[in-house]
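A.B. asks: To start, I am sharing the structure in question, which I have written as C-alpha cells.
Laboratory data are not the source of any read-out in this text; all were calculated from the coordinates shown. All figures in this text were calculated on a predicted structure; none of them were measured in a lab. Note that each Cβ is placed from the backbone with ideal geometry, even for glycine, and that neighbours are counted across all protein chains shown.
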Amino acid sequence: MNRKKIIVSYTTIGLLLFLFQKVYHFYGHGVVSFALSSVWIAPLVVGILFVVFLFSKPDKGTTSLFRLSFNLMNTSLAVFTAGLILTGVTEIAGTDSPYILYFYIVSVLFLVPASVLTLVAYIK
C-alpha cells in the first residue's frame with residue numbers, strides 16, 4: 001500500500017467534508033448540528049490510524065488480510081460518514097428518522113471484522 005496515497009486521500013476527504021459542513025451550516029440559517037460539525041474528523045482519525053499501522057510494520061501492509069481489513073474499514077467509514085451527514089441534515093431540518101440508527105449498526109458490523117483481521121494480520 002502506498003502511504004503517501006493514503007495520507008493524501010484521507011486528508012482530501014477530510015477537507016472536502018469540512019468544506020461541505022461549513023457550506024451546509026452557512027445555509028442552515030444559524031442552526032448547527034454536532035454530527036455535521038464533526039463529520040470531517042472521522043476520515044482523519046481513520047487515516048492516521050492506518051498510516052500508523054503501515055509505518056509500524058510496513059511488510060504487513062501488502063498482505064491480503066491487511067488489504068481485506070483496509071477495505072472493510074473503508075466501508076465502515078463510508079457508512080459511518082453517511083450516517084453522520086444524515087443525522088446532521090435531519091437535526092438541522094428539525095426532524096428525526098428511525099432509519100439513521102441502521103447506518104451506525106452496519107458501520108459497527110463492518111468495523112468489528114476489520115479490527116479482528118487487522119490484529120490477525122499483525123500476529124502472523
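A.B. asks: Under the 0.36 nm per residue contour assumption, what length would be gained going from the current alpha-carbon distance of Asn2 and Tyr99 to full extension?
C.D. replies: Gain on extension, Asn2 to Tyr99, equals 31.3 nm.
A.B. asks: Here's a follow-up. How far, in degrees from 0 to 90, does helix 3-26 lean away from the longest principal axis of the Cα atoms of the chain, to the nearest 10?
C.D. replies: 10 degrees
A.B. asks: With a cut-off of 8 Å between alpha carbons and a minimum separation of six or more residues, what is the relative contact order of the chain in percent?
C.D. replies: Worked out over the chain, it gives 29 percent.
A.B. asks: Another question, if that's okay. Starting at the first residue of the range 88-103, write each ³J(HN,Hα) from the Karplus equation 6.51 cos²θ - 1.76 cosθ + 1.60 with θ = phi - 60°, in whole Hz, x for Gly and Pro.
C.D. replies: So the J values, rounded to whole Hz, are x, 5, 5, 5, 5, 6, x, 10, 8, 9, x, 7, 5, 4, 5, 4.
A.B. asks: What's the lysine pair count for the chain at a Cα cut-off below 26 Å, pairs eight or more apart or interchain?
C.D. replies: Pairs that pass both the separation and distance tests number 9.
A.B. asks: Arranged from highest to lowest average of other beta-carbon atoms within 10 Å per residue, in what order do the peptides 75-86, 106-117, 27-38 appear?
C.D. replies: Ranked from most to least packed, the peptides come out as 75-86, 106-117, 27-38.
A.B. asks: OK, next. Return the FRET efficiency for the residue pair Tyr122, Ser9: r is the Cβ-Cβ distance, R0 is 35 Å, and the value is rounded to the nearest 0.05.
C.D. replies: Calculated value: 0.95.
A.B. asks: For the chain, compute Rg over Rh where Rg is the Cα radius of gyration and Rh is the Kirkwood radius from the inverse mean 1/r over Cα pairs.
C.D. replies: Answer for the chain: 1.05.
A.B. asks: OK, next. What is the distance in Å between the Cα centroid of the range 89-113 and that of the range 18-45?
C.D. replies: Cα centroid of the range 89-113 versus Cα centroid of the range 18-45: 16 Å apart.
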